[in-house]
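See structure below.
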Amino acid sequence: MEPLPFLRALIRRPDLPRLPAVSLGRFPTPLERVGEISGADLWVKRDDLSGAPYGGNKIRKLELLMAAALARNSRSVITFGAAGSNHALATALVSRQIGLRCVNILGPQVNSIAVRRNLLASFQAGAELVYSAWRDTPVTTAWHFARLWREDGVPPSVIPPGGSSPLGALGFVNAALELAEQWKQQEATAPPDTIYVASGTMATCVGIAAGLALAGWPTRVEAVRVTVAPFTSMCRAKNMYAGIQTLLREYGISLPPLRGERFRLREDFFGGEYARHTPESAGAVQYAWEHWGLRLEGTYTGKALAACLHDLRTGEMSGKRVLFWNTYNSHSAVFEPLTREQAPALWRQLPEPFHRYFEEDVQELDAVM
Ligand SMILES: Cc1ncc(COP(=O)(O)O)c(C=O)c1O
């Protein structure tokens, strides 16, 4: 168990407990300068490379959340997401790595190739996949919680959707401090003016905003909505920030208040439904691949980059420094290539309610990405 390095440096009182974290990733993740677009200087923070065999934004949260589960002596974790949840997959893979059982309670969503890939990879990682309509999730959770407690002899740990609790968000407070440290080492003098990042359950964007406040940067976070309320809302952002403040206070760190002009919820690239790709998100995914060789997807990073590219192209960011935070895993090792014969043999082993993601067509825009 290692403390997070940058937060650790801020902890003022040596008598305070260490902040336990399981080391799961490869940090710092690269910071890359992409070049100039419409007079703005564009950078990318490559959290897609945060871990192997699986990267993306979940690794930073899980380092802390899994440490908490181990400290409670849990033998199992329960977590939640939509059927194709990246968080559920990351939790399945990390659980296997550290020897915990993982139960993923998953709700319905629009179909895509990514849903299929994530379901199969989670299953292959040994997670127990449980389908639950959203309204049934509390009862389903209570039932599995009691079952696992009985089987393990100790209570399982419950990890919230997206790994988004104030504790999980500390992973991104640390990430913003990591960025500040990297930035100092670059030729770039002034900090970025704006950071674009997808907002699903908000620990990523709010954690970054908190870390930037600790670094004393005036940078604005553009949190690009990809989910409906209550998963993404200003009310949730404020509560998450307050939760981070309370947690940091326990470590002797005083976090300045969240300033309105430093955190903006972007509504205009959502497209009305979680995981529904839009022409803009599909276009951004294509652009990132063709111009920078970056593999994004249409649910999160495509929408965040679409907002970023839109603002760049209007010229309003000219002369500014802009950073796109890539939160999507870019390793493909966990997605074993399956032949036409192997794929059905595997997906038919999933619980029956998941079969429809393999039997029904994927959404149209999937084909162009
Ligand atoms: C690829 C990707 N990017 C961004 C996010 C959003 O992060 P958060 O849930 O912390 O807002 C998620 C997960 O929800 C994700 O899977």
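No value in this document is a laboratory result; all are computed from the given coordinates. It should be emphasised that the depicted structure is a prediction, and the values quoted were computed from it without experimental measurement. Ideal geometry is used to build each Cβ from the backbone, glycine not excepted, and the neighbour counts take in all protein chains shown.
Once both labels are modelled 7 Å past Cα along the beta-carbon direction, what's the Glu250-Met234 spacing in nm? Distance between the two pseudo-spin positions: 3.0 nm. Here the Debye sum runs over all C-alpha atoms of the chain as equal scatterers in vacuum, and log10 of I(q)/I(0) at q = 0.10, 0.14 Å⁻¹ comes out as -0.60, -1.21. Taking the centroid of alpha carbons for each part, region 285-345 and region 47-62 are 15 Å apart. For the pair Glu316 and Ala242 in one chain, pulling the backbone fully straight at 0.36 nm per residue adds 23.5 nm over the alpha carbon distance. Here's the picture: charge each Lys and Arg Cβ at +1 and each Asp and Glu Cβ at -1 in region 292-369, and of Gly298, Phe324, Trp347 the one pushed furthest to the positive end of that dipole is Phe324. Any idea how far the Cα center of region 242-277 sits from the one of region 64-138, in Å? For region 242-277 versus region 64-138, the Cα centre distance is 24 Å. Peptides 137-148, 75-86, 282-293 ranked from most to least packed, by the mean per-residue count of other Cβ atoms within 10 Å: 75-86, 282-293, 137-148. In this simple spin-label model, placing a label point 7 Å from the Cα along the Cα-to-Cβ direction at both Ala142 and Glu364 gives a separation of 4.4 nm.
Considering only Cα-Cα distances, which of the following residue pairs are longer than 26 Å: Lys184/Lys238; Lys184/Lys303; Lys61/Lys303?
Details: Lys184/Lys238 29 Å; Lys184/Lys303 29 Å; Lys61/Lys303 22 Å.
Pairs exceeding the cut-off: Lys184/Lys238; Lys184/Lys303.
Please identify the helices of the chain, taking whole runs of DSSP H, that span at least 20 Å along their own axis as judged from the Cα atoms and have a mean Kyte-Doolittle score of 0.0 or higher. TM-like helix candidates: 166-185. With the highest mean first, a sort of the peptides 356-364, 39-47 on other beta-carbon atoms found within 10 angstrom per residue produces 39-47, 356-364.
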